[in-house]
Amino acid sequence: MTVRINPSILSADFVNMQRDLERIGSADLVHVDVMDNHFVPNLTFGPQMVQRIQAVSPVPLDVHLMISDVDRWAPGYAELGAFSVTFHAEAATDVVATARALRERGARAGLALKPGTPVEGYLDLLPEFDQVLVMTVEPGFGGQAFMADMMPKLRALKQVVDADGLDVWLQVDGGITVDTIGIAAEAGADTFVAGSSVYGASDVEHAIAELRAAATAHAH
């Protein structure tokens with residue numbers, strides 16, 4: 001199984017964003033958290049900033065939209081050139097139509113589920129998505145503790161992905177450290193968002209390598 005490490009710039013220095021992007025050249029993608037202070041109680045940035053990040057990032061963009069009215073706004077992020085655009089099931093009116101709109105614009109389509117959102121209603125729709133993000137914290141802020149009780153969700157997804165031979169990445173975001181990443185990998189995750197455990201380290205590239213090794217040891 002391919003292990004992907006996607007550092008979250010929620011933990012980067014917003015004033016020195018280009019510097020902090022250049023520090024993660026060994027990562028697979030960069031996780032870009034777009035928050036609107038409405039869907040989640042925090043505000044980060046919007047399309048203009050994402051466009052600049054796209055222009056200077058050494059790795060492709062994994063955009064995570066924690067915003068309301070995603071059916072309307074998500075396609076615009078694909079048009080900016082993001083490799084992957086993930087939107088929340090809870091903020092969409094029609095998850096399939098929005099996913100198809102993203103794919104039509106050349107981006108991978110991701111579906112995100114908050115901790116309180118059951119996965120069962122989406123298992124039959126998995127072929128419509130390229131990635132499912134299981135939130136392992138309540139979305140909105142970095143630095144929260146990993147919720148191990150989300151692992152049954154991952155296992156349910158992994159079972160369907162394997163049984164149907166789907167090419168769907170299973171991503172986790174929230175509280176991912178060298179201590180928790182193995183738990184998520186064992187449950188079926190292959191794509192890992194890490195914020196403070198990367199940007200809080202004195203050696204960022206070493207932190208990415210450590211996370212990758214820890215996940216690979218538990219992957220199946």
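Check Phe45: other-chain or 5+ apart residues with amide H under 5 Å from its amide H, H built from backbone geometry?
The list, which skips near neighbours in sequence, is Met35.
Pick from Gly175, Gly46, Gly121 the residue whose mean-square fluctuation is largest in a GNM of the chain, springs joining Cα atoms under 10 Å.
Gly121
In terms of the Cα gyration tensor, with a ≥ b ≥ c the square roots of its eigenvalues, is the stretch 1-93 rounded because a/c is under 1.5, prolate because a/b exceeds b/c, or oblate?
prolate
Determine the percent antiparallel among the DSSP beta bridges restricted to the stretch 4-218, to the nearest 5.
5 percent
Would you kindly state how much longer the chain becomes between Glu22 and Val96 on full extension, computed as 0.36 nm times their sequence separation minus their alpha carbon distance, in nm to one decimal? Working shown, then result.
Values: separation 74, 0.36 × 74 = 26.64 nm, distance 3.47 nm.
Full-extension gain reported as 23.2 nm.
What residues have an amide H closer than 5 Å to that of Arg108, excluding those fewer than 5 places away on the same chain, when H is modeled at 1.01 Å from N in the peptide plane?
Residues meeting the amide H criterion: Ser84, Val85.
Of the labelled options [x] 45; [y] 27; [z] 41, which one gives percent of Cα pairs over 26 Å apart as computed for this structure?
Computed from the coordinates, percent of Cα pairs over 26 Å apart corresponds to [y].
Any read-out appearing in this document is the output of simple, stated calculations on the displayed coordinates, not a laboratory observation. None of these values were measured; they are calculated from a predicted model.
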